[in-house]
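Chemist: What follows is a structure written as structure tokens; I'll ask about it next.
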Amino acid sequence: MGRRQIMMALAGAGVAVAAGAAFLLSAGQGSQAAGVAPRAPAPGDPLTGAEVARATTIASATLRAHMTTGQVDLLYVERDDDKGAEQRRRADAYLYDYAGDKLIVRTVDLAQGKVVEETATRGVQPPPSPAEEVRAAELLLADPSYGRGVRESYTRASGGGRLRSAADLGLRGLIFVPGQEGGGAACRTHRCVRLFVRLPGATWLDTSRIAVDLSAKKIYTLEW
């Protein structure tokens, strides 16, 4: 598997002059740099945006049909830190198979342009991705009872505003694994999220008794 490691204010005429001089200097340096080819990333450098996009495309190539239907989702892409791969640019793509409830990690060799290693494990739950947090909020809003409650709370917190979508909410998710509480027993094997929802005015919605099952697309009410 991969290895995971998430201004000063300027004032015064003198500062303005210095800032202008710095701008002219940087502009001149930029002109010189424009003709220089960008340095290729070293093995220990973070992945570039282009490398993340390339790794995503390669890792998901054989799973696109499943990703389109929501059976599989790509969670993260990060640099592969295996000591044996120190001289190569490799990336680990984390995908979750909701149908089989397993974590798939595909290691991509960026120079070769192919997947060179794959592992599939059940019972391993990395933190929710931002996309999963949004999906959990959408399931919450789609629930007849909870959805109405969230919208009413949003309207009160915003002074009469209307909740348009999950994008209007501040979201943070944590993986939920059942303990002593009642409800949500399926989360022992499914991918479930405890969702923390921030409303306007820094108000937090009470979601302490709610777990969202992303595998089964259900909402569980917890009891203790």
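The values are calculated or read from the model by the stated rules, or taken from the named source; none is laboratory data. No experiment lies behind these values; they were computed from the predicted model shown. Because the Cβ atoms are built from the backbone with ideal geometry, glycine has one as well, and the counts that use them run over all protein chains shown. For the accessible areas, the whole protein counts, side chains as well, though only heavy atoms, and no ligand, DNA or RNA atoms are used. Shrake-Rupley method; radii C 1.70, N 1.55, O 1.52, S 1.80 Å.
Chemist: For residues that are in contact with a helix residue (DSSP H, G or I) (Cβ under 7 Å, 6 or more places away or on another chain) and open to solvent by less than 50 Å² (accessible area, probe 1.4 Å), scanning just the stretch 173-187, find the one that is nearest to K102 (Cα to Cα). Don't jump to the end; show me each part of the working.
Modeler: Here is the first cut: in the stretch 173-187, the ones in contact with a helix residue (DSSP H, G or I) (Cβ under 7 Å, 6 or more places away or on another chain) are 173, 176-178.
Now restrict to residues that are open to solvent by less than 50 Å² (accessible area, probe 1.4 Å): 173, 176, 178.
Values: G173: 19, F176: 16, P178: 18 Å.
Looking at the filtered set, the residue picked out is F176.
Chemist: For D97, work out the one condition from (1) within 26 Å of A42 (Cβ to Cβ); (2) open to solvent by less than 50 Å² (accessible area, probe 1.4 Å); (3) out of contact with any Ser or Thr (no Cβ under 9 Å at 6 or more places or on another chain) it doesn't fulfil.
Modeler: Evaluating D97 over (1) within 26 Å of A42 (Cβ to Cβ); (2) open to solvent by less than 50 Å² (accessible area, probe 1.4 Å); (3) out of contact with any Ser or Thr (no Cβ under 9 Å at 6 or more places or on another chain) leaves (1) as the failure.
Chemist: Do any residues in the stretch 140-151 that are open to solvent by 80 Å² or more (accessible area, probe 1.4 Å) have Cβ atoms under 9 Å from those of residues that are outside any helix (DSSP H, G or I), where the two are at least six apart or on different chains, and which pairs are they?
Modeler: Listed by first residue and then by second, the contacts come to R151/R162; R151/L163.
Chemist: Of the residues A186, A211, which single one is closer than 26 Å to D73 by Cα, out of contact with any Pro (no Cβ under 7 Å at 6 or more places or on another chain) and in a strand (DSSP E or B)? Walk me through how you get there before you give the answer.
Modeler: Values: A186 fails: in a strand (DSSP E or B).
Going through A186, A211 in turn, just one is closer than 26 Å to D73 by Cα, out of contact with any Pro (no Cβ under 7 Å at 6 or more places or on another chain) and in a strand (DSSP E or B): A211.
Chemist: Only one of D80, D92 is charged (D, E, K, R), modelled with pLDDT under 95, in contact with a strand residue (DSSP E or B) (Cβ under 7 Å, 6 or more places away or on another chain) and open to solvent by less than 60 Å² (accessible area, probe 1.4 Å); which?
Modeler: Details: D92 fails: modelled with pLDDT under 95.
Sole residue among the options that is charged (D, E, K, R), modelled with pLDDT under 95, in contact with a strand residue (DSSP E or B) (Cβ under 7 Å, 6 or more places away or on another chain) and open to solvent by less than 60 Å² (accessible area, probe 1.4 Å): D80.
Chemist: I'd like to check something: does the stretch 161-172 contain any residue that is open to solvent by 10 Å² or more (accessible area, probe 1.4 Å), of a type outside the set (S, T, Y) and within 30 Å of D45 (Cβ to Cβ)?
Modeler: Scanning the stretch 161-172 turns up at least one residue that is open to solvent by 10 Å² or more (accessible area, probe 1.4 Å), of a type outside the set (S, T, Y) and within 30 Å of D45 (Cβ to Cβ).
Chemist: When G2 is evaluated against the numbered criteria (1) modelled with pLDDT under 60; (2) touching a strand residue (DSSP E or B) at 6+ places or on another chain (Cβ under 6 Å); (3) open to solvent by 50 Å² or more (accessible area, probe 1.4 Å), which criterion, by number, is the only one it fails?
Modeler: Condition not satisfied by G2: (3).
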